[in-house]
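The values are calculated or read from the model by the stated rules, or taken from the named source; none is laboratory data. For clarity, every value in this text was computed on a predicted model and none was experimentally measured. Using ideal geometry, Cβ is built from the backbone for each residue, glycine included, and neighbour counts are taken over all protein chains shown.
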């Protein structure tokens, strides 16, 4: 058994039945897709499947807490599962191209961390270390999936996982001898740049670590709020031609550039090489997340961007999709956003359908 499997729960036929309901005359996605019922031979299960898109979850809030955020991103996956598995089979749904593999759960790791956190400083250090450990496990899975010629789709967790996705995909492409310079690009739809200082891994600096360690080539952020950008991040971008962004204000307040043209510019920037697609749901207005915003893009705008990214002329260079930071509930907040799973499942299915149209 590979090390990462200690924290990973494969979705089996029996487990899946808990998440979907049956109706006379209907067939649900959960009823028809295949599951890995043999934990040891998971690679055979994946490689023998004709499905291209492998969806997996990460149930963790450690990266967010390490960034002084509020816990809750570990709740997205359990909300996502019943929504994706209850999708009805029809002529629109590319069900033969989907695997729902399972999820990482790091409750055990958090318990161990708490035992060694007697002071605020110790707690922060343990969170930073735990975040790095989580990333290492996710790197292993992602690398294996790409080596098996699959397209990973990540649901849940903090944006620290951007580092894991970039590193895992890059290592696999190097092994497959499909890239030479050991870097891939990324398009990040996000209210934050997530290029904070290298102070230990957390949800605010995953891209920065990937950049410093040579896994990230070009970075393009779509939608950062000007009020969320520290001056040192602006200085970093101004001194590095590989880093670019278009602000929320330029698109939706000043109307200097349309959202459609802004996306075209972003894609032109990153699509000269393999690239990942990241969506942090904290950019979407009133969607529950650690950094929830009362003003942001609409759910329709987010969906249009994802759809147009999926059907873009160079979509063949896309290597993963990551939907992070969403939550059903957040610490110290009585509000619960049960629709997060429905929202994420719509995003995933429309993105896959768009890529199938290409």
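Here is a yes/no grid of residues against (1) under 19 Å from residue 348 (Cβ atoms); (2) assigned to a strand (DSSP E or B); (3) at pLDDT 95 or above:
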site	(1), (2), (3)
6	no, no, no
20	yes, no, yes
76	yes, no, yes
90	yes, no, yes
103	yes, yes, yes
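I'd like the full set of residues that are over 19 Å from residue 210 (Cα atoms) and part of a strand (DSSP E or B), limited to segment 225-263.
Matches in segment 225-263: 246, 247.
Suppose we filter 345, 313, 322 for residues that are in contact with a helix residue (DSSP H, G or I) (Cβ under 9 Å, 6 or more places away or on another chain), surrounded by fewer than 16 Cβ atoms within 10 Å (Cβ to Cβ) and either closer than 23 Å to residue 93 by Cα or at pLDDT 95 or above (or both); which single one remains?
Only one candidate qualifies: 313.
Among the residues of segment 180-202, which ones are in contact with a strand residue (DSSP E or B) (Cβ under 8 Å, 6 or more places away or on another chain), closer than 21 Å to residue 247 by Cα and in a loop (DSSP other than H, G, I, E, B)?
Scanning segment 180-202 gives 190, 191, 192, 193, 194, 195.
For a quick check of your reading of the model, give me the residue pairs whose first member lies in segment 346-358 and is touching a residue at least 40 places away in the same chain (Cβ under 8 Å) and at positive phi, whose second is surrounded by fewer than 22 Cβ atoms within 10 Å (Cβ to Cβ) and part of a helix (DSSP H, G or I), with beta-carbon atoms closer than 6 Å and at least 6 apart or on different chains.
none
Answer yes or no as to whether residue 253 is farther than 25 Å from residue 168 by Cβ, surrounded by fewer than 23 Cβ atoms within 10 Å (Cβ to Cβ) and out of contact with any strand residue (DSSP E or B) (no Cβ under 7 Å at 6 or more places or on another chain).
yes
I'd like the residue in segment 8-25 that is more than 19 Å from residue 58 (Cβ to Cβ) and touching a helix residue (DSSP H, G or I) at 6+ places or on another chain (Cβ under 8 Å) and, out of all such residues, is surrounded by the fewest Cβ atoms within 10 Å (Cβ to Cβ).
22
Quick check on this structure: which one of 118, 144 is without any contact (Cβ under 8 Å) to a residue 12 or more places away in the chain and more than 15 Å from the chain's Cα centre (by Cα)? Can you show your working first?
On the way: 144 fails: without any contact (Cβ under 8 Å) to a residue 12 or more places away in the chain.
None of the others qualify; the one that does is 118.
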